[in-house]
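Please treat every number below as a calculation from the coordinates, not as lab data. Fair warning: this is a prediction, and the values are worked out from it, not measured in the lab. Methodologically, a virtual Cβ is constructed for each residue, glycine included, from the backbone with ideal geometry; neighbour enumeration extends over all protein chains shown.
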Amino acid sequence: MTNHTDESWAWPESRWRAAVDKVRAGRSLMPARWKDGAKVCVALSFDPDHETGTLREGSTSVGRLSQGQYGSRAGTPRILDLLRRHDIKASFFVPGVVAKLYPDEQKRIVAEGHEIGMHGWIHERTSPLPENVERELMARAFDTLTKATGQQPVGVRVPSWDFSPNTLKLIREMGLLYDSSLMADDEPYELVEAGVPTGVVELPVEWIKDDAPYFNMNRFEAHRPYTPPSGVLEIFRREFDGAVAERGLFLLTMHPHIIGHRSRMAILEELVRYMKATPGVWFATHEEVARYCKEQAR
């Protein structure tokens, strides 16, 4: 006879309610007005996963590692050149291993005025990790980025947005300002842990505002690009237009080894030109957005 006691439909209310209440969206941190009266805030972010997307799986596939190297050799330089031409500052969420592989890349990112935030150690899957292991990897990543950049990171984006039941506790232990891994709203909000407001700012992400679901490719899995760049541009523009209409936040997540190809950089260029042609846009790093929202909430 099959034992169904661990099926979710058989859980007592205390079990499913505890799971739901572990980490929740609390009060909105959407400011009454953006800096200098801007109508919309744009926060561009890039996750230079490079080779760690392969290494985290225990794989040493030369082909896939070369795809990651493309991100550093071609993608990141193109992105930085675009940001410099348009005088935009962005946030880069860097795994600790990537900082060790490419120290000069991190120095250039910081030298050009961009933010570097935490993005795991080796882009590990976080949710299966024991608490002590997750804590050690976060500390290792923090120390590595601090040494590589000369600045302590103030924010984190969990690899693959795989936020564990212990992640918020560890973010609070480290005294970080913000997280950018969760999806409970379009606008910034305060994270609540087991019913207790934490003071941690959440800058929410979403898969529809990420280049990977549209463009990523893995020949051994079911990941196949199917959306033309023009289609992705339309989605991103509509999300931006919606943020303008609601005077909200437009936060976009991209990856150098994905967006950094020529046909895709063309749509990023077009999107940036479109946004800059819109009156009242504040382009900001994630740190700037989080600090502004938290200060205005006081």
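Among the listed pairs Lys35/Lys209; Lys35/Lys89; Lys35/Lys294; Lys89/Lys276; Lys107/Lys147, those with a Cα-Cα distance over 18 Å are Lys35/Lys209. Here the average projected area of the convex hull drawn through the C-alpha atoms of segment 153-298 stands at 10.3 nm². Derived value for segment 25-297: Kirkwood hydrodynamic radius 18.8 Å. Basis is the mean of 1/r over every pair of different alpha-carbon atoms. Derived scalar couplings between HN and Hα for segment 6-21 equal 9, 5, 4, 5, 9, 5, x, 4, 4, 6, 6, 5, 5, 5, 5, 7 Hz in order, rounded to whole Hz, by the Karplus curve 6.51 cos²θ - 1.76 cosθ + 1.60 (θ = phi - 60°), x for Gly and Pro. Taking amide H positions as modeled 1.01 Å from N, with prolines and chain starts lacking one, the residues under 5 Å from Leu251 and 5 or more places away or on another chain are Ala43.
Once you've got the GNM for the chain with C-alpha springs shorter than 10 Å, pick whichever of Glu239, Glu115, Glu136 has the biggest mean-square fluctuation. Between Glu239, Glu115, Glu136, it is Glu136 that shows the largest mean-square fluctuation. Extension gain, Val62 to Val133: 0.36 nm times the residue separation minus the Cα-Cα distance gives 22.7 nm. Across the chain, Cα pairs under 8 Å and at least six residues apart give a relative contact order of 29 percent.
In percent, rounded to a whole number, the relative contact order of segment 35-107 is 42, using alpha-carbon pairs under 8 Å and six or more apart.
3J(HN,Hα) along segment 279-292: x, x, 9, 9, 8, 9, 6, 4, 4, 4, 5, 4, 5, 5 Hz, from the Karplus curve 6.51 cos²θ - 1.76 cosθ + 1.60 with θ = phi - 60°, whole Hz, x for Gly and Pro.
Ordering Asn166, Phe250, Ala297 by Cα displacement along the dipole of the chain toward the positive end leaves Phe250 in first place; charges were set at the Cβ atoms of Lys, Arg (+1) and Asp, Glu (-1).
Ranked for footprinting exposure by Cβ neighbours inside 10 Å, fewest first, Trp207, Trp9 give Trp9, Trp207. Taking the charge dipole of the chain about its Cα centre, with +1 at Lys and Arg Cβ atoms and -1 at Asp and Glu Cβ atoms, the residue from Ala43, Ser61, Pro31 reaching farthest to the positive side is Ala43.
Ala284 sits among other residues whose Cβ lies under 9 Å from its own Cβ, and their net charge, with Lys and Arg +1 and Asp and Glu -1, is 0.
In this structure, the amide hydrogen of Gly199, modeled 1.01 Å from its nitrogen in the peptide plane, lies closer than 5 angstrom to those of Leu191, counting only residues at least 5 positions away or on a different chain.
Calculated [222 nm] ellipticity per residue, helices only, for the chain: -12500 deg cm²/dmol; basis is -39500 (n - 2.57) per DSSP H run with n ≥ 4, divided by all residues, nearest 500. Between the amide H of Phe92 and those of Phe46, Glu115, Ile116, Gly117, distances stay under 5 Å, these residues lying 5 or more places away or on another chain, with hydrogens modeled in the peptide plane. Which one of Arg247, Arg273, Arg73 has the biggest mean-square fluctuation once the chain is modelled by GNM with Cα springs under 10 Å? The residue that fluctuates most here is Arg273. Ordering of 154-163, 40-49, 74-83, 123-132 by packing is 40-49, 154-163, 74-83, 123-132, highest average first (other Cβ atoms within 10 Å, averaged per residue). Of Lys35, Lys22, Lys209, which has the largest mean-square fluctuation in a 10 Å C-alpha GNM of the chain? Maximum among the listed residues: Lys22. Taking other C-beta atoms within 10 Å as the exposure proxy, Tyr189, Tyr214 rank Tyr214, Tyr189 from fewest upward.
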